[in-house]
Structure formats: structure tokens, C-alpha cells
Amino acid sequence: MANSVLLPEIVKLLDEGHTITLPLRGFSMRPFLEDGRDKAKLTKAVNPKVGDPVLAEIEPKHFVLHRIVSIEGDNVVLRGDGNLGTEHCQLADVKGAVIGFYRKGRQHLDRTDGRKWRIYSWVWTHLYPIRRYLLAFYRRIWLRMFKPV
């Protein structure tokens with residue numbers, strides 16, 4: 001099912017107070033979250049903060065799961081961990097907050113308010129000046145060396 005059809009329905013469920021576990025699609029949150037492998041557990045976004053991974057509608061029916069880089073008034077700047085550029089939306093367009101990730105087929109939730117995720121987030125966001133090189137290494141060397149059989 002296309003994201004433009006599925007995600008508005010998920011937003012409705014989040015607004016009703018449900019928690020949703022969503023398989024991840026795309027490569028914008030690399031290197032730690034992978035397309036088709038990992039899942040995000042979402043709840044309705046309430047008071048999002050800089051650094052939070054969120055589900056946001058950046059254009060009508062075009063959603064991204066990215067980290068908040070900055071908030072100035074109602075303007076929100078987003079960037080995927082695997083991206084160099086940014087995307088923009090309004091605070092009201094932040095529809096879901098990620099409370100955790102199921103990574104690498106595990107049944108255990110890596111919570112975004114947990115120590116492991118906070119350390120990872122702090123390190124990765126502070127490596128932004130050299131992210132281009134780290135992502136190139138990951139795509140060109142790491143993935144080829146450790147490609148699943």
C-alpha cells in the first residue's frame with residue numbers, strides 16, 4: 001500500500017490515542033535504521049523537542065520519519081540521520097512521535113528515551129560535519145562487507 005494512502009490513516013489512529021508499530025521504508029535514517037528491516041513504534045506527537053524522531057507531513061500526503069533539528073516558533077526543520085539536507089514543516093504537521101524502534105528483527109524495543117538511544121543520538125548529531133564521509137563509507141564499504149546472504 002502506498003504511503004500516501006496508509007500514513008493518513010495511521011495519523012487518524014494516532015490522533016485517537018492508539019500506538020502504532022510501523023515497518024520502516026526508505027534509507028533516510030541510515031546507518032542505524034534500515035529499509036524493510038526495522039520498525040518504529042509511534043504515538044501522537046505532544047510537545048515535540050529538538051532531537052526527537054518524529055513522523056511529519058512535509059507536503060500534503062508526503063510523510064517523513066526524521067529527527068527534529070530545530071524549532072523556531074511554529075517552523076520545524078527536520079533531517080534524516082542518513083541525509084545531508086533538511087526538510088521543513090510546521091509544528092502542527094508533526095503528527096507522530098517515535099517512542100522506540102525494533103531493530104534487526106529483535107522483539108525488544110530500543111526506547112528513544114533510553115540511555116542507548118540518547119547516547120547514539122548525541123554522538124550521531126554531533127558528527128554532522130563529517131556525516132557525508134561516514135555515510136559514504138557505510139554505503140560503499142560496510143554494506144558490501146556485511147551484506148546479508
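General remarks:
- When restricted to residues that are acidic (Asp, Glu) and under 22 Å from residue 135 (Cβ atoms), segment 32-75 contains 4.
- Residue check, residue 141 among the β-branched types (Val, Ile, Thr), more than 21 Å from residue 27 (Cβ to Cβ) and over 13 Å from the mean Cα position of the chain (by Cα): no
- Residue in segment 1-17 that is in contact with a Gly (Cβ under 8 Å, 6 or more places away or on another chain), among the basic types (Lys, Arg) and surrounded by fewer than 15 Cβ atoms within 10 Å (Cβ to Cβ) present: no
- Considered as a group, the residues in segment 27-36 that are without any contact (Cβ under 8 Å) to a residue 60 or more places away in the chain and touching a strand residue (DSSP E or B) at 6+ places or on another chain (Cβ under 8 Å) include one that is most open to solvent (accessible area, probe 1.4 Å), and that residue is 36.
- Counted residues, segment 4-36 - those being part of a loop (DSSP other than H, G, I, E, B) and farther than 30 Å from residue 137 by Cβ: 4
The values are calculated or read from the model by the stated rules, or taken from the named source; none is laboratory data. Being a predicted model, the structure only gives us computed values, none of them experimental. Glycine also receives a Cβ, built like all others from the backbone with ideal geometry; neighbour counts cover every protein chain displayed. The accessibility values were calculated without ligands, DNA or RNA, using every heavy atom of the protein model including side chains. Shrake-Rupley method; radii C 1.70, N 1.55, O 1.52, S 1.80 Å.
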